[in-house]
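Some notes on the structure that comes next.
The values are calculated or read from the model by the stated rules, or taken from the named source; none is laboratory data. The model shown is predicted, which means the values in this text are computed figures rather than measured ones. Reconstructed Cβ throughout: ideal geometry from the backbone, glycine too, with neighbour counts over all protein chains shown.
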Amino acid sequence: MENYEKTLRKLVIDLFNVNAVKFGEFKTKVGILTPVYCDLRVVVSYPNILRVLSDLIEEKTKNIRYDLICGVPYTALPIATALSLKIDKPMVMRRKEKKDYGTKKLIEGDFNDGDRCLIVEDVVTSGGSVLETCQDLQNSGIKVSEAVVLLNREQGGETILKENGINMIALLTLSQLILVLKEENLINEDVYKKVLKYIKENQIKTKHEMNRLKLSYSERIKYCKNPVSKELFKIMDAKKSNLCVAADLTNATDILNLAEEIGPFICLLKLHVDIIEDFHENFIKRLQEIASTHNFLLFEDRKFSDIGKTVQNQYTKGIYHISNWATLITAHSLMGNGTLRAIEQSMSPNKKSGVFLLAESSTEGLINPEYTKATIEMGKTHIETVTGFVCQSPKFLDEPQFIQLTPGVQINESADDCDQRYTSPEAAINEKGADVVVVGRGITKSNDFGKIAEKYRRLLWESYQNRISIE
Ligand code: BMP
């Protein structure tokens with residue numbers, strides 16, 4: 001084809017002139033405002049544009065081998081038809097609404113099992129419509145691995161299609177299109193910048209990005225809105241530790257000795273401060289020094305669960321003054337949003353703080369999947385406060401910014417005599433979806449805290465590395 005670039009440029013101007021690309025403020029399907037709207041339906045009225053489109057597609061796909069063409073219904077159907085006529089290759093058509101009478105075919109037209117099909121689409125944002133069409137074609141025995149599109153909105157669709165085995169070829173990207181329009185003085189600098197900003201800020205998350213279980217801790221930092229989550233991920237990455245030790249001892253000196261010994265191997269030290277028989281402020285001061293020396297965070301497992309006002313008093317007052325020293329705390333969701341709001345109001349402005357919401361228990365209690373899901377939904381409405389969830393299963397939480405904390409882990413035991421159930425370190429990470437694992441008596445009952453903590457750290461870290469490396 002003679003001068004592909006020149007033809008493409010003219011196409012952009014024509015699309016602008018027939019209002020197939022508009023600038024202003026438009027609401028997208030999912031309710032967000034976009035400064036650019038591309039509606040290619042109108043090209044059906046312009047045979048000259050259809051002709052140019054088929055020329056450009058022919059040129060762009062000349063190295064691809066295929067037997068059939070299929071347009072994604074409806075807008076791309078005339079484009080696919082124009083291409084089919086131009087290059088003399090047969091088309092098939094996907095039914096958007098399945099017939100409930102007659103043959104119930106998904107795909108209309110003549111084809112053979114194993115035929116290779118080129119998908120034609122007008123605009124790709126998330127790639128969803130292309131994928132639906134591919135699925136029906138594949139279910140009918142047709143092979144699909146290539147899609148040609150007029151406009152790539154550059155919001156992640158290309159990667160999503162790639163994840164699903166489809167190679168996308170675009171005549172134009174949205175940034176190329178607006179550059180031409182700016183150079184032709186059809187849009188001003190301000191509109192141009194607004195669209196670029198929109199593209200950058202509205203990237204659709206791919207399956208990989210949405211799956212916390214497949215991302216490394218350091219990759220997840222950028223998604224975190226709670227400052228403690230960020231800090232915790234950094235510590236975990238730096239120390240190669242996803243181990244939280246439950247220091248459930250009742251003597252302050254014993255806890256300090258334990259903390260000294262296990263300090264190098266943990267990312268969190270979890271306390272039940274109200275079981276300590278000789279609690280005093282110096283104990284907290286010393287613990288903070290050890291935490292700072294060994295770079296771990298202090299975590300009070302108070303499981304706040306009263307009305308907001310009482311929670312505020314429990315969190316900030318009494319003899320423990322938890323809010324002064326605990327970087328992390330736990331809370332129940334059963335009293336509703338008020339608990340989190342009360343905690344937020346009482347958090348010290350000079351210190352990073354975060355909350356783990358209890359979504360599931362390691363014992364067989366009354367918590368059911370509905371409760372777990374509702375707890376996670378509640379947490380998502382407090383993204384700046386919630387670090388993550390105490391949970392036992394990988395199926396409830398995808399979002400990479402939240403950390404799953406899983407207690408009930410021991411190498412040797414499977415239960416205690418009070419309904420606690422244990423799983424192995426490997427299963428906690430790989431089967432239960434834990435990001436940070438809580439080990440209590442598995443370490444505190446041993447006679448060499450440091451040695452056994454290092455063993456748990458190594459097993460947990462290796463399991464995590466295994467989890468993210470397996471496709
Ligand atoms: P151990 O490993 O010794 O069983 O200790 C587990 C720790 O985790 C305890 O401090 C307990 O309060 C806490 N925990 C739990 O075991 N299951 C849960 O569902 C939630 C917890 O906080």
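The conditions are (1) touching a Lys or Arg at 6+ places or on another chain (Cβ under 9 Å); (2) within 16 Å of the ligand (Cβ to nearest atom); (3) not aliphatic (A, V, I, L, M), and TYR315 fails exactly one of them. Which is it?
(2)
Can you list the helices (runs of 4 or more DSSP H) found entirely within the range 394-471 that contain at least 3 residues being aromatic (Phe, Trp, Tyr) and at pLDDT 95 or above?
449-469
Suppose the filter is within 14 Å of the ligand (Cβ to nearest atom), farther than 13 Å from ALA246 by Cβ and free of Cβ contacts under 8 Å to residues at least 40 places away in the same chain; does SER469 pass it?
no
The conditions are (1) under 24 Å from GLN404 (Cβ atoms); (2) more than 13 Å from the ligand (Cβ to nearest atom); (3) buried (at least 19 other Cβ atoms within 10 Å of the Cβ); (4) free of Cβ contacts under 8 Å to residues at least 40 places away in the same chain, and SER229 fails exactly one of them. Which is it?
Against the list (1) under 24 Å from GLN404 (Cβ atoms); (2) more than 13 Å from the ligand (Cβ to nearest atom); (3) buried (at least 19 other Cβ atoms within 10 Å of the Cβ); (4) free of Cβ contacts under 8 Å to residues at least 40 places away in the same chain, SER229 comes up short only on (4).
If you take the residues of the range 297-323 that are under 29 Å from the mean Cα position of the chain (by Cα) and aromatic (Phe, Trp, Tyr), which of them is surrounded by the fewest Cβ atoms within 10 Å (Cβ to Cβ)?
Of everything passing the filter in the range 297-323, PHE304 is surrounded by the fewest Cβ atoms within 10 Å (Cβ to Cβ).
Have a look at ARG65, ARG94, ARG116 and point out the one that is touching a residue at least 40 places away in the same chain (Cβ under 8 Å) and either more than 30 Å from ASN3 (Cα to Cα) or over 36 Å from the mean Cα position of the chain (by Cα) (or both).
One residue alone meets the criteria, ARG94.
Give the number of residues within the range 422-433 that are within 12 Å of the ligand (Cβ to nearest atom) and touching a Ser or Thr at 6+ places or on another chain (Cβ under 7 Å).
Within the range 422-433, the subset within 12 Å of the ligand (Cβ to nearest atom) is 422-423, 425, 428, 432.
Narrowing further to those that are touching a Ser or Thr at 6+ places or on another chain (Cβ under 7 Å): 422, 425, 428, 432.
Residues meeting the conditions: 4.
What are the residues in the range 232-258 that are in contact with a Leu (Cβ under 7 Å, 6 or more places away or on another chain), over 13 Å from PHE449 (Cβ atoms) and within 16 Å of the ligand (Cβ to nearest atom), if any?
ASN242, CYS244 - these are the residues of the range 232-258 that are in contact with a Leu (Cβ under 7 Å, 6 or more places away or on another chain), over 13 Å from PHE449 (Cβ atoms) and within 16 Å of the ligand (Cβ to nearest atom).
Among the residues of the range 40-82, which ones are outside any loop (DSSP other than H, G, I, E, B), among the polar types (S, T, N, Q) and surrounded by 15 or more Cβ atoms within 10 Å (Cβ to Cβ)?
Hits for the range 40-82 are SER54, THR81.
Can you name every residue in the range 193-210 that is in contact with a Lys or Arg (Cβ under 8 Å, 6 or more places away or on another chain) and modelled with pLDDT under 85?
Result: HIS208, single match.
Look at the range 434-446 and say how many of its residues are among the small types (Gly, Ala, Ser), within 11 Å of the ligand (Cβ to nearest atom) and farther than 11 Å from SER362 by Cβ.
The total comes to 1.
Kindly indicate which of GLU289, GLU277, GLU261, GLU281 is in contact (Cβ under 8 Å) with a residue 60 or more places away in the chain and either more than 16 Å from the ligand (Cβ to nearest atom) or among the small types (Gly, Ala, Ser) (or both).
Among GLU289, GLU277, GLU261, GLU281, only GLU261 is in contact (Cβ under 8 Å) with a residue 60 or more places away in the chain and either more than 16 Å from the ligand (Cβ to nearest atom) or among the small types (Gly, Ala, Ser) (or both).
Looking only at the range 327-353, how many residues end up being within 15 Å of the ligand (Cβ to nearest atom), within 21 Å of CYS267 (Cβ to Cβ) and touching a helix residue (DSSP H, G or I) at 6+ places or on another chain (Cβ under 8 Å)?
At the first step, the residues of the range 327-353 found to be within 15 Å of the ligand (Cβ to nearest atom) are 328-334.
Add one more test, that the residue is within 21 Å of CYS267 (Cβ to Cβ), and what stays is 328-331.
Within this subset, residues satisfying the condition of being touching a helix residue (DSSP H, G or I) at 6+ places or on another chain (Cβ under 8 Å) are 328-329, 331.
Residues meeting the conditions: 3.
Quick check on LEU397: is it assigned by TED's automatic domain parsing to the domain that holds MET335, away from the ligand (no atom under 14 Å from the Cβ) and under 29 Å from GLU219 (Cα atoms)?
So LEU397 passes the test.
Please list, ordered by first then second residue, the pairs with beta carbon atoms under 7 Å, 6 or more apart or interchain, first in the range 350-378 and among the hydroxyl-bearing types (Ser, Thr, Tyr), second away from the ligand (no atom under 15 Å from the Cβ) and in a helix (DSSP H, G or I).
SER353/VAL228
Just give me the residues in the range 162-180 being modelled with pLDDT under 95 and not acidic (Asp, Glu), in sequence order.
Across the range 162-180, the qualifying residues are LYS162, ASN164, GLY165.
Matching residues to (1) assigned to a helix (DSSP H, G or I); (2) closer than 23 Å to LYS303 by Cβ; (3) outside the structural domain of SER218 (by TED's automatic domain parsing):
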{"site": "ASP237", "(1), (2), (3)": "yes, no, no"}
{"site": "CYS244", "(1), (2), (3)": "no, yes, no"}
{"site": "ASP248", "(1), (2), (3)": "no, yes, no"}
{"site": "ASP254", "(1), (2), (3)": "yes, yes, no"}
{"site": "LEU258", "(1), (2), (3)": "yes, yes, no"}
{"site": "LEU269", "(1), (2), (3)": "no, yes, no"}
{"site": "PHE279", "(1), (2), (3)": "no, yes, no"}
{"site": "PHE283", "(1), (2), (3)": "yes, yes, no"}
{"site": "SER292", "(1), (2), (3)": "yes, no, no"}
